[in-house]
Amino acid sequence: MPEGDTVFLTAHRLRLALVGKTLVRSDFRVPRYATVDLVGDLVEEVGSYGKHLFIRTTTASIHTHLKMEGEWRTYCAGERWTRPRVHARVVLGTDDTEAVGFSLGTVEVLRRADEHTATDHLGPDLLGPNWDAAEAVRRLARHPAQPVGLALLDQRNLAGIGNIYRSEVCFLRKVHPATPIDAVPDLLALVNEAHRVLTEAAHRPPWRALVYGRQRRPCQRCGTRIEVRPLAETNPASDRITQRERGIYYCPRCQPEPA
Ligand SMILES: [Zn+2]
């Protein structure tokens, strides 16, 4: 599942491909926006907020979310696509480039002035220019009993973390993912660690996980076998199905279970 750094890097790639160019083709393959035509619009900016991507043209902001399988690919005009055409949800063409959004989870065409409605509910963006660690701490602290491994996924607390980085952040801070928020020794340090890890992943890829995906392999700190398990669902706003299926990775010795 793409996390904030993937979306940040996607925005960067689309920016290089599209900004300053006029659209000669716009094709929205979702029923609600099938008749939208942005031909003639200039692409002015591409931005991201958490896991949300915005392609801003003269008249609209195209809001997309990659969810599980989504991705944006860019091609030279006329180049053969590398994913099945049937998976394309948005096609934006300029004189020399085609940007294709495949298998996107969300597609919305918003007025520029309404773009904020897509992100108003989110906590501070870990990779944004207005990142605010104190605000993220304040939001996390609103639900003191919530396990930290779930709280880090809740985009209303802080935006950009998915399954990979929640495991990493808990490991780096030596907190068990089931630890309730009010029992985490230093919330600000936790939030700062999340910011550091995501920033590194976004600005110096490829980034390598210390704990994620390493079940039954030795902890790089103490040699104990890494374990993986799901966390009990306690947050009705997060995605129940993925919560059940996606385990969190941790070292049982470095991250002792809360009493
Ligand atoms: Zn360990």
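The values are calculated or read from the model by the stated rules, or taken from the named source; none is laboratory data. None of these values were measured; they are calculated from a predicted model. No Cβ is skipped: glycine too gets one built from the backbone with ideal geometry, and neighbour counts run over all protein chains shown. Please note that ligands, DNA and RNA were not included when accessible areas were found on the heavy atoms of the full protein model with its side chains. Shrake-Rupley method; radii C 1.70, N 1.55, O 1.52, S 1.80 Å.
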Restricted to region 193-230 and to residues being open to solvent by less than 70 Å² (accessible area, probe 1.4 Å) and more than 20 Å from residue 2 (Cα to Cα), the residue farthest from the ligand (Cβ to nearest atom) is 215
Note to self: Taking the conditions exactly as written (open to solvent by 20 Å² or more (accessible area, probe 1.4 Å), more than 18 Å from residue 117 (Cα to Cα) and under 21 Å from the mean Cα position of the chain (by Cα)), does residue 16 satisfy them or not?
What the structure shows: yes
Going through region 150-167 in order, the residues found to be crowded, with 24+ Cβ neighbours inside 10 Å, over 13 Å from the mean Cα position of the chain (by Cα) and outside any loop (DSSP other than H, G, I, E, B) are 151, 167
Within region 138-149, residues being outside any helix (DSSP H, G or I) and open to solvent by 30 Å² or more (accessible area, probe 1.4 Å) number 5
In region 88-115, residues that are of a type outside the set (S, T, N, Q), more than 17 Å from the chain's Cα centre (by Cα) and not in a strand (DSSP E or B) total 7
* Is region 48-58 home to any residue that is out of contact with any Gly (no Cβ under 9 Å at 6 or more places or on another chain), touching a residue at least 40 places away in the same chain (Cβ under 8 Å) and surrounded by fewer than 22 Cβ atoms within 10 Å (Cβ to Cβ)? -> no
